[in-house]
Amino acid sequence: MNRKLFLEDVNFKGKKALVRVDYNVPFDQLGNISDDARVRATLPTINHILDDGGMVVIMSHMGRPDGMAVPSMSLAPVAKRLSRLLNKEVTFVEDCIGPKVQEVIKRMKPGDVVLLENLRFHKGETKNDEEFSKELAKAGDIFVNDAFATAHRSHASTVGITRHMSPSVGGYVMKNEISYFGHAMENPVRPLVAIIGGAKVSSKIGVLKNLSKKVDKIIIGGGMMFTFLKSIGFEVGKSLVEEEILDTAMEILKQTRKDGTKLYLPVDTVVADRMDPKAVSMIVPVQEIPPGWMGLDIGPATTTLFSEVLRDAKSIIWNGPMGVFEIDAFSRGTFAMAHMVANSYAMTIVGGGDTDVAIHRVGESYKISYISTGGGAFLELLEGKELPGLAALTDMKP
Ligand code: AMP
């Protein structure tokens, strides 16, 4: 892909920047924002444009309202939080296209910030509709995409809009994600170790195949370990197994050998009679999983093995938990891994919602070199795919 334009490449003086962000933040039962990291992440981009003498019109999606105006998915509470974080007024507009928007943006002066209502209240957003894209584009002069977490989707506000605005540039969130990741994958300080966990192999086949060519070592944990173990003849009881892709799992193991990549499978596991906080559990070598029991975490011997594997790592990429970490009894492996990654001397990149949660739960997130803001988009980068939202940005002139 050609080098794209980023916000430092353009001058915002007197211009309205239409900034696509990902403010899809979680709320608690009382309707308060429980984690505003996604809002904070965009402050450098917003401040850069304001410092440059520009105006900022922000748009985002929130949840999946399927083209209808659902009050619980309004971005109004985010406008308040953004206002507090920026320490300046943020005008909220109850729509993202149409006369209300035009009226507000007509009156904007340099330094002003406006947040538009949830893009997905209109069906045209997820359909990448041409007319809707054109309407959105009327809200600004320069398009800035800072929504890395949505960059793997071809939607009106990420892709369609770039046909109606020029230039279209990436913000700081986008730039950081791409540059950390690009550096780790294309020009890494080796050994580069990938830690891949999570429920299923099927959702990460592309990731594993691509990583096999790029990294020096792959560590496997989580539910997916049992499909690998079964593919090489182990009895895994009632553990999560994807029977239909046993051959694929075997092929991945063969490919890593061919690529000269070392792959490490767990040697012991925490098994239980059911997936329940009150279940009876015990630690067994993977050769001794009793019939009727299921493996729900990696065991202590595996943690020791993986710490040896990570000892000489200079770069680490981690996606996916080592076990069912939502249940205390099966969270040790994931939390031990979080400590190991955080305290390694490597450049560390962590991505994916669950992995992010695990790193924060152990209180060591500040020791990670880069925590990706994207789940699906991060996985697509790991797969070596081109992100449509990034590809659609304006190329830098040679
Ligand atoms: P993913 O979205 O593929 O990264 O998977 C994350 C989910 O995998 C988490 O909710 C974990 O509870 C689940 N998981 C991890 N280990 C296991 C396991 N051994 N058996 C079943 N589910 C697991």
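Computed from the coordinates by the stated procedures, all read-outs in this text should not be read as laboratory data. These numbers come from a predicted model, not from an experiment. No Cβ is skipped: glycine too gets one built from the backbone with ideal geometry, and neighbour counts run over all protein chains shown.
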- Item | Charged-residue dipole, Cβ positions (Lys, Arg, Asp, Glu), segment 53-128 about Cα centre, Debye nearest 20 | 140
- Item | Mean Cα-pair separation over length for the chain, i.e. relative contact order, pairs under 8 Å, 6 or more apart, % | 16
- Select from Asn128, Ile196, His183 the residue farthest towards the positive end of the dipole of the chain; place +1 on Cβ of Lys and Arg, -1 on Cβ of Asp and Glu, and compute about the Cα centre. His183
- Check Asn118: other-chain or 5+ apart residues with amide H under 5 Å from its amide H, H built from backbone geometry? Leu75
- Task: Check the straight Cα-Cα distances from Lys217 and name the aspartates and glutamates below 14 Å, setting aside those fewer than 8 residues away within the same chain.
- Result: Asp259, Glu308, Asp312
- Task: Take every DSSP beta bridge whose two residues both sit in the chain, then give the antiparallel share in percent to the nearest 5.
- Result: 20
- Query: Which of Gly353, Asn47, Ala272 sits farthest toward the positive end of the charge dipole of the chain, with +1 on the Cβ of Lys and Arg and -1 on the Cβ of Asp and Glu?
  - Reply: Asn47
- Which whole-percent values make up P(r) of segment 259-304 when all C-alpha to C-alpha distances are grouped in 5 Å steps starting at zero? 5, 24, 27, 17, 13, 6, 4, 2, 1
- Quick one: what are the phi-derived ³J(HN,Hα) couplings along segment 281-293, Karplus 6.51/-1.76/1.60 with θ = phi - 60°, whole Hz, x for glycine and proline? 9, 7, 9, 9, x, 5, 6, 10, 6, x, x, x, 9
- Query: Which distance in nm do the two modelled labels at Lys106 and Phe27 give, with both placed 7 Å along the Cα-to-Cβ direction?
  - Reply: 3.2
- Query: How far is helix 172-186 tilted, in degrees, relative to the longest principal axis of the Cα atoms in the chain, given as a value from 0 to 90 rounded to the nearest 10?
  - Reply: 40
- Query: When the Karplus curve 6.51 cos²θ - 1.76 cosθ + 1.60 is applied with θ = phi - 60°, which whole-Hz ³J(HN,Hα) does each residue of segment 391-398 get, with x for Gly and Pro?
  - Reply: 4, 6, 6, 5, 6, 6, 5, x
- Under the helix-only model (-39500 (n - 2.57) for each DSSP H run of 4 or more, divided by the residues of the chain), the mean residue ellipticity at 222 nm, to 500 deg cm²/dmol, is -9500 deg cm²/dmol
- Could you state the number of Å between the C-alpha centres of segment 89-103 and segment 335-367? 39
- Item | Cα-projected label distance for Arg64 with Glu383, points at 7 Å along beta-carbon direction, nm | 1.7
- On a 0 to 90° scale, report how tilted helix 332-342 is relative to the longest principal axis of the chain, with both axes built from alpha carbons and the result rounded to the nearest 10. 60
- Determine the principal axes of the Cα atoms in segment 7-173, then give the extent along each, sorted from largest to smallest and rounded to whole angstroms. 42, 36, 31
- Note on the structure: segment 109-187 and segment 254-295 have their Cα centres apart by a whole-number Å value of 42
- Task: For segment 84-147, state the average projected area of the convex hull of the C-alpha atoms over all orientations, rounded to one decimal in nm².
- Result: 5.0
- Quick one: Debye curve from the C-alpha atoms of the chain, no solvent, what's log10 I(q)/I(0) at q = 0.06, 0.07, 0.12 Å⁻¹? -0.27, -0.37, -0.95
- Task: Would you list the P(r) distribution for segment 114-203, with all Cα-Cα distances sorted into 10 Å bins from 0 and each bin expressed as a whole %?
- Result: 15, 35, 26, 18, 6
- Message: Filter Lys127/Lys214; Lys15/Lys385; Lys134/Lys397 down to the pairs with a C-alpha to C-alpha distance above 30 Å, please.
- Response: Lys127/Lys214; Lys15/Lys385
- Query: What are the residues whose amide H is under 5 Å from the amide H of Gly223, where those residues sit 5 or more places off or on another chain and H is modelled from the backbone?
  - Reply: Gly198, Ala199
- Using +1 on the beta carbon of Lys and Arg, -1 on that of Asp and Glu, and nothing else charged, what's the dipole of the chain about the Cα centre, debye to 20? 900
- Item | Potential extension, Glu364-Leu246 segment - 0.36 nm per residue separation minus Cα distance | 38.9 nm
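Quote the FRET efficiency, to the nearest 0.05, computed for Asp51 versus Lys213 with a Förster distance R0 of 35 Å and r equal to the Cβ-Cβ distance.
0.25
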- Going toward the positive end of the dipole of the chain, with +1 on Lys and Arg Cβ and -1 on Asp and Glu Cβ, which of Ile368, Val236, Ser34 do you reach last? Ile368
- Potential extension, Ala199-Met282 segment - 0.36 nm per residue separation minus Cα distance: 27.9 nm
- Just tell me which aspartates and glutamates come within less than 20 Å, Cα to Cα, of Lys230; anything on the same chain fewer than 8 places away is out. Glu242, Glu243, Glu244, Asp247, Glu251, Asp268, Asp273, Glu288, Asp297
- Using modelled backbone amide H atoms (1.01 Å from N, in-plane), which distant-in-sequence or interchain residues come within less than 5 Å of Phe6's amide H? Gly170
- Note the angle between two axes, namely the Cα long axis of helix 76-86 and the longest principal axis of the Cα atoms of the chain, as a number of degrees from 0 to 90, rounded to the nearest 10. 90
- Item | Residue order, fewest to most beta carbons within 10 Å, for Met1, Met174 | Met1, Met174
